[in-house]
Amino acid sequence: MSADGSSINTLHRTQSSPAIENAIDRSAPTFTAALEKDETSYFDTNPPPPELEEFSRIAEEFVNLHCSHQRRVVLVTSGGTTVPLENQTVRFIDNFSAGTRGATSAEYFLEAGYAVIFLHRQFSLLPYSRHYSHSTNCFLDFLTEAPTDGNSRNTIVARDEYAAEMISVLRKYNHAKREKLLLLLPFTTITSYLFLLRALAVKMEPLGSKSLFYLAAAVSDFFVPRERMAEHKIQSGEFAEKDGEMEFVNPTGPGSGKKLIIDLDPVPKFLKRLVESWAPQSMIVSFKLETDSKLLIKKCNMALKRYSHHLVIGNLLQTRKSEVVFVDQKSSHWLRLPPQNTEGEKNSGGKFAAKYEPEIEALIVPEVVRRHGALIWNVVAATRSS
Ligand code: PMT
């Protein structure tokens with residue numbers, strides 16, 4: 001089941017088994033941007049994550065530090081948000097995102113001199129460590145035992161063929177840590193993500209136009225509101241007491257007629273609130289994911305019109321690692337990786353080819369940085385002339 005609702009039964013509370021064609025309520029108005037009242041209602045009725053205060057405090061310190069250095073700060077959101085089905089959560093709806101776009105982009109922003117707040121799905125890919133985690137190869141494959149002379153203790157080192165690349169990654173990682181340039185903040189659920197996004201946006205306010213929002217997370221479109229969420233694990237049948245023992249009655253199974261119908265509400269489109277109220281001075285870049293190429297640019301333009309932000313980066317699920325389209329109020333412009341060099345692939349040794357592949361983020365991030373620079377320049381020029 002996908003969190004974008006494509007195969008989800010919605011808004012049919014009274015109907016126990018809606019026909020598939022009615023699973024999404026087509027009579028409901030198309031999603032509109034969230035208004036202030038939607039914000040109040042959502043944040044008043046859903047519980048904040050326990051870490052909200054602590055993360056807000058840490059983010060405030062981070063922002064103050066980089067404000068004092070006149071540094072630009074980007075908030076990169078990354079990975080998928082979950083939709084819990086139970087309050088004491090056993091089951092949840094998730095989506096495909098591994099956080100590759102966000103983690104890779106964060107590295108290029110650091111290289112461009114930005115400080116990065118990395119708001120990411122817990123256990124998704126992280127900047128720098130992504131080179132050695134979640135891969136099809138175990139990180140232990142990168143290591144080997146160093147020869148010993150019999151007296152010294154056993155030592156592990158990087159294997160020769162990976163050492164140069166690992167040292168380069170390690171140095172960048174250490175630099176980011178030493179200079180406090182990277183703040184890692186995890187979320188899991190859609191609600192935590194939204195609470196944190198709002199809190200961080202407010203904390204970034206002192207940065208003015210030097211702040212950038214790069215929204216690469218895959219945000220769920222549907223969720224179970226708190227008041228309708230089951231407290232405990234949803235049971236697959238009903239229990240009854242018989243002869244002093246608990247027994248299943250009405251068990252599910254082929255022919256039993258029992259189904260689990262999940263009734264989801266749309267998540268308010270808070271991008272509008274971000275643009276208008278939470279971070280009005282910042283540059284805001286959102287991503288738009290589609291699977292139908294005919295729809296992509298149209299949907300990017302719709303998002304721009306609806307939210308009035310600066311830039312939408314469109315990508316197709318199938319080709320997202322090799323091409324994206326930049327859509328702004330004036331035009332659309334494709335960025336593409338050059339066709340794969342098969343010689344280069346061979347040289348990488350095949351087995352660990354992934355880390356040698358060219359990355360589309362190496363094209364995306366410098367272009368975003370250039371546009372952010374132009375926006376800051378315009379703000380400075382406008383302030384001088386007023
Ligand atoms: O992590 P990877 O595997 O590398 O994949 C990267 C990616 C494909 C996930 C990434 O490049 C991407 O496209 N991210 C955006 C996915 C997404 O949420 O697309 P969308 O079309 O559903 O939403 C578009 C925009 O609306 C997003 O910026 C989102 O912040 C915003 N939104 C979405 C839902 C919602 N309820 N409110 C919103 O404001």
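Each value in this text was obtained by applying a stated rule to the coordinates, not by laboratory testing. Treat the numbers as computed from the prediction; the structure is a model and nothing was measured. Cβ coordinates were reconstructed from backbone atoms using ideal geometry, including for glycine residues, and neighbour counts include every protein chain displayed.
Using the average count of surrounding beta-carbon atoms within 10 Å as a protection proxy, the listed peptides 47-55, 193-201 rank, highest first, as 193-201, 47-55. Once C-alpha pairs closer than 8 Å and six or more residues apart are averaged by separation and normalised to the residue number of the stretch 136-184, the relative contact order reads 24 percent. Of all lysines in the structure, those lying under 22 Å Cα to Cα from residue 288, and not within fewer than 8 positions of it along the same chain, are 269, 272, 298, 299, 305, 321, 330. Reported to the nearest whole Å, the Cα centre-to-centre distance from the stretch 104-144 to the stretch 294-315 is 28.
Could you tell me the relative contact order of the chain? Use alpha-carbon pairs under 8 Å, at least six residues apart, and round to a whole percent. Spell out each step's value before the answer.
Details: 598 pairs, mean separation 77.8, N = 386.
The normalised contact order for the chain reaches 20 percent.
Packing order of peptides 328-337, 174-183, highest average first: 174-183, 328-337 (average count of other Cβ atoms within 10 Å over each peptide's residues). Peptides 268-280, 149-161 ranked from most to least packed give 268-280, 149-161, packing being the mean of other C-beta atoms within 10 angstrom over each peptide's residues.
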